Amino acid sequence: MPGGVVTARGRVTLGVLLDSLGPEMVRPLAVPNGREPLIGTPVIYDPEETMTGLEGSVLLVTGRPSAEVLARAGEVGVAVVVAKPGVGGEESLAEAAEAAGTALLAAAPDVSWGQLYTLIDALLAVVAPVESLGDVRAADLFALANQVAVRVGGAVAIEDLAMRVLAYSTVEGQQIDDLRREGILGRRVPEHPTNAEEYSAVLRAEDAVWSYQPREYYPRLAIAIRAHGEALGTIWALRAEEPLATDAAQVLAEAARVAAPHLARITLAADEARRRRDERLCDLLRGLGPVRELATSFGLLPDEPVVVVTVGPHGRTADAFAATHTGDLLRTAYAAYRMRAAAGAVDGCAYAIVAADSVTPLLRRITADVLARIPDRLGGQWRAGIGRVVPSVALAPTSARQAEEALRALCGPYATAEVGHHEELSAALFLMDVDVSVRAKPSLYGEPLGVVAAHDARHGTHYVRSLRVWVAAHYDVPRAADTLSLHPNTLRYRLRRIGELIDLDDSDTRLVLALQLRLSCAVRPNG
């Protein structure tokens, strides 16, 4: 068992409950005994009911909570009371909870009691009793990992599909390598170029398969955990200096069957929590619902400046799975740097509303780091647009539209960066708007550029390319000639010949020509 995470059969500490649900789900109002008390089964409770058999439970109090309910909860040994105090009642209820000696948590206004029950129940599923494995009862996923490790003769880890380490064995004397050690410490498998291929092979196979990548670490025997044919996670047994047991594959298959219902519950709860979070994020981005309550549920102050970041794929259509995964990466990355943010997936793109005190060059760098990690997991190229800072969360929709415009510019032909702020992409956005307005019109390829292009077609000259380089060099003949590998006088002669076709001395002609060259280059990059 890892110290401080699972501390009793079928229970976790109050601290683990708070960390797992997060501030967007529950907020502590009173913790008179600290974060260490053990919590047990959740119970949805009507204040009119009598309190019996509730010792150690998490009491989900429907209706309006009262000091009397908290006092009774303390008397019968309830570990945690979860309530929705309403406006103005938190301070007095917190005092009552302190006096009763029971923890008091405030649930998010929009979370239903059934949803909260499911989430807490799923958290306890990690440490709840599971089916028998052989002749020994597994107390929880960690105990299951230990039992499998003893039977196969190698260290074991149980992971979900996001490569998070849900449980791992702690059998004395069994060796692990640095890859497993980092995974345990970070509770996630370290990134490696071979991860995608190796995990895909395991998830495709019906039985246990060997993984020999990365080569610098011990080989692993792995199997997918499935429920009704759907993959939920994986189990990995590490072969150190001694070979694994001859029946290791069969033991892993049995363990996968035992672990499946528990991972199914965890996955269901995680999906439900993610769906609710994304709905709240969507409301904030679209200016819907109670802004102050929604902002507070994400740990944001309603009246503080914020900025919106959005991430999407370059050159292909976004999909819900990729957006969800990217939203999780943004949330984790920002939290690691103590940036307060609401992150998730909305309409096929990942979004984050970030507190403006985090809007520093660090925000750009961290977002770029996330972009660099996505292709290894999802493939393709990705871009991130950042809106302008707005004074409050209520104006987040404005910053969101700007972030979307910035992303559109970064995915278009007039910007080359991977991450960009709206204010620095104004030229690219202008060109895109002009492009849209004239693309279907003959003016894009008409005069003056069309005259020069026609001359090139008839006589085999390269006047259009010469003009493009000359304009890009800000009409600097020596610089343009160097790019074209021409003598400056040769280019001057060529420009005089072009001047016989169109009026290069006219400022409007030069302006239109420059736009036509830029737009046609984007439409026909090799033209």
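Just a few scattered comments:
- The angle separating the long axis of helix 320-336 from the principal Cα axis of greatest extent in the chain is about 80 degrees.
- Folded to 0 to 90 degrees: helix 248-286 orientation relative to the chain principal axis, Cα: 60
- Amide H contacts of residue 30 (H built 1.01 Å from N, under 5 Å, at least 5 apart or other chain): 104
- Degrees, to the nearest 10: 113-125 long Cα axis against longest axis of the chain: 80
- In terms of its C-alpha gyration tensor, segment 367-430 comes out oblate, because a/c is 1.5 or above while a/b does not outweigh b/c.
- For residue 226, distant residues with modelled amide H under 5 Å away: 232
- Total formal charge among the other residues, if their Cβ is under 13 angstrom from that of residue 85, Lys/Arg +1 and Asp/Glu -1: -1
- Cβ-defined net charge surrounding residue 202, 14 Å radius [Lys, Arg +1; Asp, Glu -1]: -3
- Shape category assigned to segment 64-119 from the gyration tensor of Cα positions, a/c cut at 1.5: oblate
- Inverse of mean 1/r across different Cα pairs in segment 279-373, Kirkwood, Å: 13.4
- Other-chain or far-sequence residues with amide H under 5 Å of residue 383's (modelled H): 312, 314
- The chain: radius of gyration over Cα atoms, expressed as a fraction of 2.2 N^0.38 Å: 1.28
- In this view, the solvent-accessible surface of residue 339, computed with a 1.4 Å probe and all protein chains in place, comes to about 20 Å².
- Stretching the chain fully between residue 454 and residue 246 yields a gain of 67.2 nm (0.36 nm per residue, less the alpha carbon separation).
- Near residue 403, once Lys and Arg are set to +1 and Asp and Glu to -1 for all other residues with Cβ below 12 Å from its Cβ, the sum equals +1.
- Centre-to-centre separation between the Cα atoms of segment 15-58 and those of segment 251-293: 20 Å.
- 3J(HN,Hα) from dihedral phi, segment 464-471, Karplus parametrisation 6.51/-1.76/1.60, rounded to Hz, x for glycine, proline: 4, 5, 4, 5, 4, 5, 5, 5
The values are calculated or read from the model by the stated rules, or taken from the named source; none is laboratory data. Everything numeric in this text was worked out from a predicted model, so none of it was measured. Cβ coordinates were reconstructed from backbone atoms using ideal geometry, including for glycine residues, and neighbour counts include every protein chain displayed. Just the protein is used for accessible areas: all its heavy atoms, side chains included, with ligands, DNA and RNA removed. Shrake-Rupley method; radii C 1.70, N 1.55, O 1.52, S 1.80 Å.
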